[in-house]
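The values are calculated or read from the model by the stated rules, or taken from the named source; none is laboratory data. Because the structure is a prediction, the values reported are computed rather than measured. Every residue, glycine as well, gets a Cβ built from its backbone with ideal geometry; the counts of neighbours run over all protein chains shown.
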Amino acid sequence: MFALAAIASCAAAPSFATPIHFTINNVSFTPGGGYGTGSETLLDVVFAGANGAINMNLDLNVGQAFTIGTVTLNEDCVNPGSCAGTGNETDGLGVGLTLHFVNPLSANEDVSLNGTATPGPVNDTNGNGDVDNKIDYSLAFASNTFTFGNGGSFSIAVNKLDFTATGQQNLTGTITLLSVPDGSGGATSVPEPTSIALMGLGLVGLGYGAKRRKS
């Protein structure tokens, strides 16, 4: 009975590592060559990084969201047929995002993420019911995994932005601690239920063997 209770207790108690402190003290964007500042032939989008340092303490497998910055679509050419051309709006629209880490990576280490942007209709129509191909815009970043220390790793996921009109939206990221480095304290991973069950069965066997020896 005691062994079965021990199994239930182990299965119900999750094992988390000692929290790891994360600090990002600078965020910067590098827009591709297809962005402009109001030109009718270049997509006018403004990228602004978050002000101040980003700080967080993460437990193993517990993700935490933070504000990366803002993205503002200011496209002047909003009426179909009023622009000389939009060919440049389909070229060089990638966006580089750099996060300058202080912790837990080595001091002053940068992490780079690449965003893919797409101009054109995103379920938007103008007042006449026609699809407006010039002001709509979407931006997506692939999830990335990074390592630190001896065996530590974390992932960064960034939300996808879809603009169906001009305006500003927040760009947010989520950091998830996947494993902690050796020597930082705490478990390096969360035990699987199967492993816990096998350990419990082993304890049952040891107890039964001891009982037989006494009798």
Scan of region 134-153 for residues that are of a type outside the set (A, V, I, L, M), under 19 Å from Leu171 (Cβ atoms) and in a strand (DSSP E or B), ordered by number: Tyr137, Ser138, Phe141, Asn144, Phe146
Residue list for region 1-30, restricted to those being at pLDDT 50 or above, buried (at least 16 other Cβ atoms within 10 Å of the Cβ) and touching a Gly at 6+ places or on another chain (Cβ under 8 Å): Ala17, Ile20, Asn26, Val27, Phe29
Residue in region 89-105 that is in a loop (DSSP other than H, G, I, E, B), among the small types (Gly, Ala, Ser) and either touching a Phe, Trp or Tyr at 6+ places or on another chain (Cβ under 8 Å) or at pLDDT 95 or above (or both) present: yes
Those residues of region 40-68 which are within 27 Å of Pro119 (Cα to Cα) and either surrounded by 16 or more Cβ atoms within 10 Å (Cβ to Cβ) or of a type in the set (Asp, Glu) (or both), in sequence order: Glu40, Leu42, Leu43, Asp44, Val45, Phe47, Gly49, Ala50, Phe66, Ile68
Region 41-55, subset touching a Gly at 6+ places or on another chain (Cβ under 8 Å) and either farther than 13 Å from Leu171 by Cα or not in a strand (DSSP E or B) (or both), residue modelled with the lowest pLDDT: Thr41
Conditions (1) at pLDDT 80 or above; (2) among the aliphatic types (A, V, I, L, M); (3) surrounded by 14 or more Cβ atoms within 10 Å (Cβ to Cβ); number of the one not met by Ile135: (1)
